[in-house]
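Comments concern the structure below.
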Amino acid sequence: MTLSLTHGIEFSPKPFSSGLNYWSSGDGTSATDTYDIVGNAAFVPADQDFGGCLELVKTNSLQKLRYTEQTQIFPETYLLIKTRVKLMVGGLPAVRIAGWAGDRDGNHVANVTQIGPSTSVQNYGQVYEISAIVGPGLRDGVDMVWGAAPTFAHFGLDITGPTGVVVRVDDFTIEDISHLFQRDALNIVDVRDYGAIGDATTDNYDAFVAADQAANGRRLVVPAGAYVIGSPLVLNSHVEFQGRVIMPPEAPLVITKSFDLPTYIDAFHDEELAFKKAFQALLNSSDHESLDMCGRTVTVTEPIDMQAAVATRDTFEIRRVIRNGQFYASGNSAWESDVITAQAYYAASNPTTLSNVQNVQDIAVGSLVTGQGVGREIYVRSVNPATQTVELSEALHDAEGTQIFTFTRFKYMLDFSGFQKLSKFNLDNIEFQCNGKANGIMMAQEGMIFHILDCYITKPKFRGITSSGRACQGMLIDRCHFVTNESSVQAADRVSIAFNVNANDAKIRDNWASQFRHFCVLSGANNIVSGNHFYQGDGVPNGVRLAGIVLTRSNTASTIVGNYVDNCFIEWTNEHDETPDFTVGFGFSALSISGNVFLSGQVADWFSYLVVKPYGTGHGIANLSVMNNSFKTLNGPIQRVERVDTTFADIDRNRLRNLRFEANSFENVTQKTENPVVVDHTQSSVATTWTVDTADALPFGGYARAVQAYVPQSKLTASGGGAVHHMPYVNTNVGSAKDQVQLVYPGAIQETVSVTIRCDS
């Protein structure tokens, strides 16, 4: 740009032969006197060294000589000002190039260097060349750094030293030497050419703005140095950072043409800081919807507070994506969990609040809450020191009164908990190398459609993904890979959980997980869990296995389809119910389990693949569908595939309704379970009352509550062998286990019938 701007321009002043009215004894502006009226200067037409020149008598301690016409100053332009002088009479003076800088409004720019290097004149009659370079940037060889403010100048000489001195001055030349400072004048803009100084002190905001505006498609270069930028900055040019920038934490740097993590690492020379600033820019600019990490690994030495990186925002609901990179946990102490024990009061009438909490100010949002009567994966949503209250993510099932609770704050590589609401946020193709030190992701307090896809969460210390609030509403976890840090730990002793969900409508699809305590804890309703493989085995003979999926709401309204449930089971509870005894409502209901592969090996024979665990009395089971699944065990059989865990309460088997337990396959399972179950009953001797036994084939030890169908397999015969055509009536809930029915005929008969019996209404 400089070459085109200055092409054809004559920078050099008029020769002295054109008249002394062009030369001022002051700063060169119109208000100063010229040498044609001052009287201490004369034009010499034929000097032996100079030809035409100016002879000047020094009458002041500082004798100024300035060209009265303006010399234009252009962006990125470096000018060489030079002349020659010789001493004729008098003492020994010093001589230097000097100038007066003016801005576009004609005002003096006083804060720039306006004198060049001084040359001492030591000999009479000797010719001395005096020169200086003026330009916008602090470059090697530049004597007067002017930045971007000056637009014109009055150039000339200063003569210092004794008065009475007579010197002769040759005509001045001013030359554009910008090409000496520009590696590629057509494609590169150097921020120093607009006044940037990389001294770690000077605020370079204006210089960067000016350089960016002047670039106009060219690449912006930030040379070596430390450049302070004190305000939010948007750069619309492609930028090459050789030096680093220093910015306040709250000030975003938005690099619109090179918006990726490597560019920010180049800009800040610090991986963690660069990621924070790039994320800050992502949420403070509408130019980009995603931050590409470009395959870079960020070594994380402490939890990254994602909201603190943005500072001015605690709510964001526009789609944003972070993709294609890796976070690597390093260090130790920064990842240690904070553990607080405190006494608090709980009442079921206020089910998600702890009151009268001691040391409440020490409890962190996002802390896991444990204690008597506290279900799994309950977290602190908010803390109010003024009222001494703590808001919980879920209700407590049996914690009435005052007790000691433990609050454990795990440390996460990416911690979004400072956001009040964060929606439509995506993490795509990212690996979290937790290294058994850190945990993976802590979500915001509120939000919708947090999407984690094609990610690897490797060796989290305690948790892979944690929701402490309701930001998991509609959450999507797709094609992710969860790798345990507890592969050598027996299943019963593991503590890590891949993820939890508190809110509704989660979609958990096509993931793989190995050897966690639980694959997931799902508290909300209307979830879809499909196509996942989660393995939780160990090498212990007759070993204990824990739940892969934990459903903590009785009315779950969820679908579990097409999964590989490997050495674990599905546990269905109501542990997040503040009134766990059934009174009114749906109870355990609305669950579909279909098309899954259930496999286990080396498990105790009492192991089951579906466990219902009521935390209160009076519950039935309704609208449960278990269909088209494959149930298989290796290294010894199991008794049955389903059971009720009666640790707290049993189910009310008179309240089973609309159970479909059909079309499943069983391998190495002692008792096949069906509802309805078809029993072929042979009555070998004539009788009026036939007792038909389901032989414990009804699910959950259900009662024989209804006969759905009755089909004789041959003719019914009386004692004499004659055919009869009787239809029986039915007695249900017969026997000590109520798992039998009676067929009661009007006369004594015998033969074989098929009876379809149901345990539900």
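The values are calculated or read from the model by the stated rules, or taken from the named source; none is laboratory data. Because the structure is a prediction, the values reported are computed rather than measured. No Cβ is skipped: glycine too gets one built from the backbone with ideal geometry, and neighbour counts run over all protein chains shown.
Applying the condition of being assigned to a strand (DSSP E or B) and touching a residue at least 60 places away in the same chain (Cβ under 8 Å) to region 625-659 and asking which residue is nearest to residue 546 (Cα to Cα) yields 626. Annotation: of all residues in region 62-88 being closer than 16 Å to residue 127 by Cβ and β-branched (Val, Ile, Thr), the one that is nearest to the chain's Cα centre (by Cα) is 83.
Of all the residues that make up region 149-160, how many are of a type in the set (Gly, Ala, Ser) and at pLDDT 95 or above? Reasoning before the result, please.
Of the residues in region 149-160, the ones of a type in the set (Gly, Ala, Ser) are 149, 153, 156.
With at pLDDT 95 or above added as a condition, the list becomes 153, 156.
Going through region 149-160 one residue at a time, the tally reaches 2.
Looking only at region 25-40, filter to residues that are under 14 Å from residue 157 (Cα atoms) and of a type outside the set (Ser, Thr, Tyr); which one of those is farthest from the chain's Cα centre (by Cα)? Looking at residues that are under 14 Å from residue 157 (Cα atoms) and of a type outside the set (Ser, Thr, Tyr), I get 26.
Test each condition in (1) over 22 Å from residue 563 (Cα atoms); (2) among the aliphatic types (A, V, I, L, M); (3) crowded, with 16+ Cβ neighbours inside 10 Å for residue 711 and report the one that comes out false. Residue 711 satisfies every listed condition except (3).
Can you tell which of 425, 416, 407 is aromatic (Phe, Trp, Tyr) and touching a Ser or Thr at 6+ places or on another chain (Cβ under 7 Å)?
After ruling out the rest, the residue left standing is 407.
Restricting attention to region 340-362, report how many residues are aromatic (Phe, Trp, Tyr) and under 24 Å from residue 470 (Cβ atoms). Of the residues in region 340-362, 1 are aromatic (Phe, Trp, Tyr) and under 24 Å from residue 470 (Cβ atoms).
Meeting the requirement of 2 or more residues that are in contact with a Gly (Cβ under 7 Å, 6 or more places away or on another chain), more than 23 Å from residue 325 (Cα to Cα) and of a type outside the set (D, E, K, R), the strands (runs of 3 or more DSSP E) wholly within region 395-461 are 401-409. Filtered by the rule that a residue be crowded, with 21+ Cβ neighbours inside 10 Å and within 15 Å of the chain's Cα centre (by Cα), region 262-275 gives 274, 275. In region 269-320, of all residues being in contact with a Pro (Cβ under 6 Å, 6 or more places away or on another chain) and among the hydrophobic types (A, V, I, L, M, F, W, C), the one that is nearest to residue 222 (Cα to Cα) corresponds to 281. Apart from one condition, residue 108 fits all of (1) modelled with pLDDT of 95 or more; (2) surrounded by 20 or more Cβ atoms within 10 Å (Cβ to Cβ); the exception is (2).
For residues in region 331-356 being outside any strand (DSSP E or B) and free of Cβ contacts under 8 Å to residues at least 40 places away in the same chain, which is farthest from residue 580 (Cα to Cα)? Walk me through it before giving the result.
Within region 331-356, the first condition is being outside any strand (DSSP E or B), and the residues that meet it are 331-337, 347-352, 356.
Applying the additional criterion that residues be free of Cβ contacts under 8 Å to residues at least 40 places away in the same chain yields 333, 349-350.
Working: 333: 40, 349: 13, 350: 15 Å.
Residue satisfying both the conditions and the ranking: 333.
Among the residues making up region 727-761, those that are part of a loop (DSSP other than H, G, I, E, B) and surrounded by 14 or more Cβ atoms within 10 Å (Cβ to Cβ) are 728, 735, 737, 738, 739, 759, 760. Looking at region 489-599, the strands (runs of 3 or more DSSP E) lying wholly inside it that each contain 1 or more residues that are in the same structural domain as residue 612 (by TED's automatic domain parsing), modelled with pLDDT of 95 or more and hydroxyl-bearing (Ser, Thr, Tyr) sit at 512-514, 528-530, 533-535, 555-561, 564-566, 569-573, 588-594.
Only one of the numbered conditions (1) closer than 30 Å to residue 581 by Cβ; (2) loosely packed, with under 13 Cβ neighbours inside 10 Å is not met by residue 685, and that is (1).
Name every residue in region 166-213 that is of a type in the set (Val, Ile, Thr), part of a loop (DSSP other than H, G, I, E, B) and touching a strand residue (DSSP E or B) at 6+ places or on another chain (Cβ under 7 Å), in order of residue number.
Of region 166-213, the ones of a type in the set (Val, Ile, Thr) are 166-167, 169, 173-174, 177, 188-189, 191, 197, 201-202, 209.
Then drop every residue that is not part of a loop (DSSP other than H, G, I, E, B), which leaves 177, 197.
Once the filter is applied, which keeps residues that are of a type in the set (Val, Ile, Thr), part of a loop (DSSP other than H, G, I, E, B) and touching a strand residue (DSSP E or B) at 6+ places or on another chain (Cβ under 7 Å), region 166-213 yields only 177.
For region 667-715, the set of residues classified as in contact with a Leu (Cβ under 6 Å, 6 or more places away or on another chain) and in a loop (DSSP other than H, G, I, E, B) consists of 702 only. Residue 568 meets all of the listed conditions (1) over 20 Å from residue 394 (Cα atoms); (2) surrounded by fewer than 24 Cβ atoms within 10 Å (Cβ to Cβ) but one, namely (2). If you go through region 322-345 one residue at a time, do you hit one that is within 18 Å of the chain's Cα centre (by Cα) and charged (D, E, K, R)? Yes, some residue in region 322-345 is within 18 Å of the chain's Cα centre (by Cα) and charged (D, E, K, R).
With respect to residue 224, determine if the residue is outside any strand (DSSP E or B), surrounded by 16 or more Cβ atoms within 10 Å (Cβ to Cβ) and of a type outside the set (Lys, Arg). So that I can check it myself, show each step before the final result.
Numbers: outside any strand (DSSP E or B): yes; surrounded by 16 or more Cβ atoms within 10 Å (Cβ to Cβ): no; of a type outside the set (Lys, Arg): yes.
So residue 224 fails the test.
Mind listing whichever residues of region 133-148 are modelled with pLDDT of 90 or more and surrounded by fewer than 21 Cβ atoms within 10 Å (Cβ to Cβ)? Hits for region 133-148 are 142, 143, 145.
Within region 576-591, does at least one residue satisfy the condition of being of a type in the set (Phe, Trp, Tyr) and more than 15 Å from residue 651 (Cβ to Cβ)? So that I can check it myself, show each step before the final result.
As a first pass, look at region 576-591 and keep what is of a type in the set (Phe, Trp, Tyr): 582, 586, 588.
Applying the additional criterion that residues be more than 15 Å from residue 651 (Cβ to Cβ) yields none.
No: region 576-591 contains no residue that is of a type in the set (Phe, Trp, Tyr) and more than 15 Å from residue 651 (Cβ to Cβ).
Within region 298-329, the residues that satisfy the criterion of being closer than 20 Å to residue 288 by Cα, in contact with a strand residue (DSSP E or B) (Cβ under 7 Å, 6 or more places away or on another chain) and not in a loop (DSSP other than H, G, I, E, B) are 306, 315, 316, 320, 321, 322, 323, 324, 325.
Of the residues examined, residue 283 is one that is in the same structural domain as residue 206 (by TED's automatic domain parsing), over 14 Å from residue 326 (Cα atoms) and among the hydrophobic types (A, V, I, L, M, F, W, C).
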